[in-house]
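FYI, it's all coordinate maths here, none of it is from the lab. Not measured: the values here are computed from a predicted model. Note that we place each Cβ from the backbone using ideal geometry, even for glycine, and neighbour counts take in every protein chain shown.
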Amino acid sequence: MGPRLWNPEKELMSRDELSALQLVKLKSLLNRVYEESPYYQRKFDEAGVNPRKLKSLEDYQDYPFFDKDEERASQEASRETADHTFGLHITCDPKLVNRVSSSSGTTGSPTYSGFTLKDREITNDNQARALVRLGIEPGDVVMHASVLSMWIAGIPGVDSMMAYGACLVPVGALSGVERVAQIARDTRPKSIKCTVSYAQYLVKHMEERTGIDPRKLGLEKVVVFGEPGGSIPEIYEPLEEGFGGAMVHDIMGATGCHSPTGISCEEHSGIHFYAEDNAMFEICNPTTLESLPIENGVEGEIVFTGLERECGPLIRWRDKDIIQVTTEPCRCGRPGPRMRFKGRVDDMLLVKGVNVFPNAVRDVINKTSKFTTGNIRIVNPDSGPVVPAPVLIKVEIKRGLSGEKKRELSSQLDSAIHHQLRFRAQFNFIDEGEFELLKGATGKTRLVEQITEPIQAR
């Protein structure tokens, strides 16, 4: 008997069956948006593509991309000319929109995603696929300890988990560790869902601040999202120990594709992408945007298309995430490709002509020394992506290190970074407990800090 699945008919499809289904749905989607959206009709015409001539998935590589800047401009235009905020690329009657989610708007005005009842049904199905893989049954208690907001992983995520039948405890991260600890102790959730950094915070501070030991809460699953790290041993192993043996799972989603769309398994071998029947993905070179073959080990920017999206479909959506694909069979027995998050195109820094992802810097530091805690932040003295070498990095370290030990650690970290990432670094060491985490509006931890005042390395 294989692993349990929510929708085995779709989740166990062969690659040939899946590709055939994707092509049918893609043709239907492209013809619909071309006929119903003057915005897409004009966009396709300018690109010289016609949905009626689409013969294969390879033909789709000729279609233009969609990104956050274009989405924001489309929505600003619709507010001015169409009396709604869903963008000129909308392909349904705005009155059919049943729920609205929103981005944080930290890098500009927020963008909005509308959901029809059908859109929500597909989202609910995707969520159910994740919950079944987690071993969550209807009626099981699940604590949502993340921001309760319009963000797709906030209230919309709570909504889809309740549709599955889970008993939701939507405490929210802003309630504070004291309240989260008390409610977790009283409600005994089977699973807790939060960002990676908040899970780390609970492990580090819950007992000292509340007297409640997170190892004794009875948690079986810790589901982390919104930040990289849930698939990195140096991060998930301390979390599993800190929560008394609860297994950590990494979950992902995609804008416009009925999140969530993937979750890691008990083998910790990457995130299984389980929704290719309704969320088709491509891998592209992040510089040239040339499509790359989806094969074992390929690395590039992931591009999504929600094949059944009714409100505001995003054709070839550039999610700006750099991922690595694994196609080799997983020991868990579940089919389909797996992914590991490498960084974001938007977060990429340039050091002496070398592309550097903050996540990669953190991973090298975490793997190099047992005296680091996992918290780092790169200091950028400019507002652009170019960072001068040696790069100044704030690193949280365990207390009690002597000056000599710090000098040895600095040399060790610099050598590792130079060997693996090809640039020199200097460090500002901060004792454990004194490192200030910088958070965005959705609770994500920022790994880059723009600062103009000089900081001395020490």
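Annotation: amide H of Val345 within the under-5 Å range of Asp321, Ile322, sequence separation 5 or more or interchain, hydrogens built in the peptide plane. Between Ser102 and Asp62, the contour length at 0.36 nm per residue exceeds the alpha carbon distance by 11.4 nm. The distance separating the Cα centre of the stretch 250-325 from that of the stretch 330-346 comes to 9 Å. Show that you can apply the helix-only estimate: for the chain, add -39,500 (n - 2.57) for every DSSP H stretch of four or more residues, divide by all residues, and state [θ] at 222 nm to the nearest 500. Estimated from H runs of four or more residues: -10000 deg cm²/dmol. Distant-in-sequence amide contacts of Leu437, defined by a placed amide H-H separation under 5 Å and a gap of 5 or more residues or a different chain, comprise nothing. The mean sequence separation of alpha-carbon pairs under 8 Å and at least six residues apart, normalised by the residue count of the stretch 349-450, gives a relative contact order of 33 percent.
Taking the DSSP bridge list for the chain and keeping only pairs wholly inside it, about 60 percent are antiparallel. For the stretch 341-348, backbone phi angles converted through the Karplus equation (6.51, -1.76, 1.60; θ = phi - 60°) give residue-by-residue couplings of 6, 10, x, 10, 4, 5, 8, 4 Hz, Gly and Pro being listed as x. Within the shell of other residues whose beta carbon sits under 13 angstrom from the beta carbon of Cys332, the net charge comes to +1, with Lys and Arg scored +1 and Asp and Glu -1. Please arrange His418, His144 by how many other C-beta atoms lie within 10 Å of their C-beta, fewest to most. Final ranking by Cβ density, sparse to dense: His418, His144.
Between the listed residues Gly244, Ile315, Leu292, the Cα displaced farthest toward the positive end of the dipole of the stretch 237-329, a dipole computed from Cβ unit charges relative to the Cα centre, is found at Ile315. This model, with +1 at the C-beta of Lys and Arg and -1 at the C-beta of Asp and Glu, gives the stretch 336-388 a dipole about its Cα centre of some 320 debye. The long axis of helix 155-164 is offset from the longest Cα principal axis of the chain by roughly 70 degrees. Here each label is just a point 7 Å from Cα along the line to Cβ, and for Lys370 and His418 those points are 2.6 nm apart.
Given axes a ≥ b ≥ c from the Cα gyration tensor, I'd like to know whether the stretch 349-450 is rounded (a/c under 1.5), prolate (a/b larger than b/c) or oblate. Oblate.
Compared with the dominant principal axis of the Cα atoms in the chain, helix 358-368 is inclined by about 40°. Seen from Ile212, the other residues with C-beta closer than 14 Å to its C-beta sum to a net charge of +2, counting Lys and Arg as +1 and Asp and Glu as -1. Spin-label model, Arg215 to Ala20: label points 7 Å out along the Cα-to-beta-carbon direction sit 5.4 nm apart.
Taking the longest Cα principal axis of the chain as reference, the axis of helix 68-81 is set at about 50 degrees.
Residue separation of Ser28 and Glu76 scaled by 0.36 nm, minus their Cα-Cα distance, works out to 14.5 nm of gained length.
Run the numbers for Val386 and Lys406: contour at 0.36 nm per residue of separation, minus the present Cα-Cα distance, in nm.
Net length gain for the segment: 4.4 nm.
Sequence-distant contacts, meaning Cα pairs under 8 Å at least 6 residues apart, place the relative contact order of the stretch 119-228 at 27 percent.
With an a/c value of 1.5 or above and a/b larger than b/c for the gyration tensor axes a ≥ b ≥ c computed over the alpha-carbon atoms, the stretch 37-108 is described as prolate. Model label points for Glu234 and Glu9, set 7 angstrom from Cα along the Cα-to-Cβ axis, are 4.6 nm apart. The order of Ser109, Ser175, going from fewest to most other C-beta atoms within 10 Å of their C-beta, is Ser109, Ser175. When Asp16, Asp277 are arranged by Cβ crowding within 10 Å, least crowded first, meaning fewest neighbours, the order is Asp16, Asp277.
For Asn98, the residues whose modelled amide H falls within less than 5 Å of its own, excluding neighbours fewer than 5 places apart on the same chain, are Phe115, Thr116, Leu117.
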